[in-house]
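The values are calculated or read from the model by the stated rules, or taken from the named source; none is laboratory data. Just so it is clear, the model here is predicted, and its values are computed rather than measured. Positions of Cβ are generated from backbone atoms using ideal geometry, with glycine treated the same way; all protein chains shown enter the neighbour counts.
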Amino acid sequence: MSETMRAAVLHGREDVRLEEVPVRPPGPGEVRVRVRAALTCGTDTKVFRRGYHARMIQPPALFGHEMAGVVESVGAGVTSVAPGTPVVTANSAPCGRCDFCRGGRDSLCDDLLFWNGAYAELALIPERIVAKNLVPLPAGLSFRRAAMAEPLACVVRGVEGSGIVSGQTVAVIGSGPIGLMFVRLAAAAGARVLVAGRRHRRLEKARELGASAVVSAEDGDVADLLRRETPQQRGADVVVEAAGRAETSAAALRVVRKGGTVQLFAGTPAGTTVPLDLAHVHYEEITVTSSFHHTPRSFREALRLIAEGVFDPDALISGERGLEAVPAVLAEMARGSDDLKTAIVPPAR
């Protein structure tokens, strides 16, 4: 009889089921990991609502992409890790051969390989991800904290691409997990951080993570409210849009000061547009930029920041649930649960 495991399988729109699925030994270059912690994610919630992701996952498919665990077995040729090694994995790996990879822009790789399957008892990690983005855990780092390395790696790139440095005023629009990660890293860099959001609990969390001031979108125009909190009300040096909406992207362009940078970080549906005052951008030398995904370098940098205590993932993890709770947790998130992230912990074997 072939070996099986329990795993969450995406079948379509708001249809995730816990099933017994077959597993196989790792092939050449592959690694099989016993999952010890997986984290829920806003991207997973979007995929749950939509039923698919054009680039990352097509149903029916194993689901989830933020995880850490212990190497159970390795395929032929694997020398970087051995059975028993605690590891964390990213959810993708670049090819290393295309023009973008050779030019140091790995996140734009023409053949970026994505992986899903974190909400499961076991995870079979593809050869390319093993070679580029399967990393042993630093001593003493818990699995659930290590699993935050993937989303934090994206934010690491966003912070670097925005040029955030000490002494700046940084405004973050959006107080979800990604926005809160920006708050912490910007504050750690020495910036004065302002945050706009809708949920009181999350705005309080932003203060805990280093925000100097918070404003509620329920109190009026976000751009005006944020500008009032900047020196001489002249605007922020850097504005991070972390909500993924046309109206908040337009607000970001109104908050930035002369010579400043707008980081349109959050993903939006295809075809989303915002009005752009070209005279404003040109004569005030506004930089509008964006940052997609992570790279092997930023993944390792994120893991370092977690291990050294610069960022504490437990600040965003609302609690732990068992594997059987995945469909319910995703449904709760899709309905607007105030929980930031939930750790999914499969039964130990």
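Points worth noting:
- Within the set GLY210, GLY179, GLY197, the sole residue that is touching a residue at least 60 places away in the same chain (Cβ under 8 Å), under 19 Å from LYS341 (Cβ atoms) and either in contact with a Gly (Cβ under 6 Å, 6 or more places away or on another chain) or in the same structural domain as PRO275 (by TED's automatic domain parsing) (or both) turns out to be GLY179.
- Restricting GLY77, GLY69 to those that are in contact with a Gly (Cβ under 8 Å, 6 or more places away or on another chain) and touching a residue at least 40 places away in the same chain (Cβ under 8 Å) reduces the list to GLY77.
- Condition check for GLU19: outside the structural domain of GLY244 (by TED's automatic domain parsing), free of Cβ contacts under 8 Å to residues at least 60 places away in the same chain and surrounded by 14 or more Cβ atoms within 10 Å (Cβ to Cβ): yes
- Qualifying positions in the range 166-176 - touching a Gly at 6+ places or on another chain (Cβ under 7 Å), surrounded by fewer than 24 Cβ atoms within 10 Å (Cβ to Cβ) and not hydroxyl-bearing (Ser, Thr, Tyr): GLY167, GLY176
- Residues located in the range 1-16, provided they are surrounded by fewer than 13 Cβ atoms within 10 Å (Cβ to Cβ) and either hydroxyl-bearing (Ser, Thr, Tyr) or under 23 Å from VAL88 (Cβ atoms) (or both): SER2
- Residue in the range 160-173 that is assigned to a loop (DSSP other than H, G, I, E, B), under 11 Å from the mean Cα position of the chain (by Cα) and hydrophobic (A, V, I, L, M, F, W, C) present: no
- Residues (crowded, with 16+ Cβ neighbours inside 10 Å and closer than 16 Å to ARG128 by Cβ) located in the range 67-79: VAL74, GLY75, VAL78
For (1) surrounded by fewer than 21 Cβ atoms within 10 Å (Cβ to Cβ); (2) over 28 Å from ARG105 (Cβ atoms), each residue gets a yes or a no:
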{"residue": "THR268", "(1), (2)": "yes, no"}
{"residue": "THR295", "(1), (2)": "no, no"}
{"residue": "ARG304", "(1), (2)": "yes, no"}
{"residue": "LEU323", "(1), (2)": "yes, yes"}
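- Residues satisfying the stated conditions in the range 209-253, i.e. of a type in the set (S, T, N, Q), surrounded by fewer than 18 Cβ atoms within 10 Å (Cβ to Cβ) and either assigned to a strand (DSSP E or B) or touching a strand residue (DSSP E or B) at 6+ places or on another chain (Cβ under 8 Å) (or both): SER212, SER216
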